[in-house]
Amino acid sequence: MMGARMTGLGGAEADRLFQALGDPTRRAILDRLAAGPSSVSGLAGPLGITLTAVSQHLGVLEGCGLASTRKAGRVRTCSIEAAGFDRLQGWIDAHRASWDRRLDALGDLLAEED
């Protein structure tokens with residue numbers, strides 16, 4: 001089993017990231033933010049949810065580094081953040097490398113039996 005040192009992503013942090021991405025509304029928010037920054041109301045309208053619901057989802061996304069918000073006057077502007085995705089990509093890369101090594105070893109073992 002891989003530890004946080006190898007993947008750069010601790011167990012609790014990984015859980016938060018995957019839980020955040022496990023919600024279809026939060027994924028939809030991230031999809032919209034991938035096109036560029038948006039206000040909370042700009043996110044709420046197309047998603048058909050309340051401003052309060054968007055704010056709650058944004059809180060989860062901000063908590064794991066996938067999004068950020070800044071307030072200018074009465075407008076709260078949301079942006080996607082690369083940092084959370086970078087940590088997630090590191091976790092994926094480490095697990096992929098581990099499985100590639102295991103499958104290569106299995107392939108070598110099976111080739112020896114031929």
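The values are calculated or read from the model by the stated rules, or taken from the named source; none is laboratory data. In this text, all values refer to a predicted model and were calculated from it rather than measured experimentally. Note: ideal-geometry Cβ built from the backbone for every residue, glycine included; neighbour counts use all protein chains shown.
Annotation note: Cβ proximity below 7 Å between a residue of the stretch 41-62 that is closer than 14 Å to residue 24 by Cβ and a residue that is hydroxyl-bearing (Ser, Thr, Tyr) and part of a helix (DSSP H, G or I) (sequence gap 6+ or interchain) occurs for 47/25; 49/25; 57/25. Yes or no: residue 58 surrounded by 10 or more Cβ atoms within 10 Å (Cβ to Cβ), under 11 Å from the mean Cα position of the chain (by Cα), assigned to a helix (DSSP H, G or I) and at negative phi? For residue 58, the condition - surrounded by 10 or more Cβ atoms within 10 Å (Cβ to Cβ), under 11 Å from the mean Cα position of the chain (by Cα), assigned to a helix (DSSP H, G or I) and at negative phi - is not met. Taken over the stretch 36-46, the residue count meeting the criterion of being surrounded by 15 or more Cβ atoms within 10 Å (Cβ to Cβ) and touching a helix residue (DSSP H, G or I) at 6+ places or on another chain (Cβ under 7 Å) is 4. Yes or no: the stretch 42-51 includes at least one residue that is of a type in the set (Ser, Thr, Tyr) and not in a loop (DSSP other than H, G, I, E, B). No: the stretch 42-51 contains no residue that is of a type in the set (Ser, Thr, Tyr) and not in a loop (DSSP other than H, G, I, E, B).
Scan the stretch 64-79 residue by residue and report those that are at pLDDT 95 or above and more than 12 Å from residue 39 (Cα to Cα). Within the stretch 64-79, 66, 67 meet the criteria.
When the stretch 75-96 is filtered for residues that are touching a residue at least 12 places away in the same chain (Cβ under 8 Å) and either surrounded by fewer than 15 Cβ atoms within 10 Å (Cβ to Cβ) or part of a helix (DSSP H, G or I) (or both), the ones remaining, listed by number, are 75, 77, 79, 83, 84, 85, 87, 88, 90, 91, 94, 95.
The single condition among (1) in a helix (DSSP H, G or I); (2) surrounded by 15 or more Cβ atoms within 10 Å (Cβ to Cβ); (3) in contact (Cβ under 8 Å) with a residue 24 or more places away in the chain that residue 28 does not satisfy is (3).
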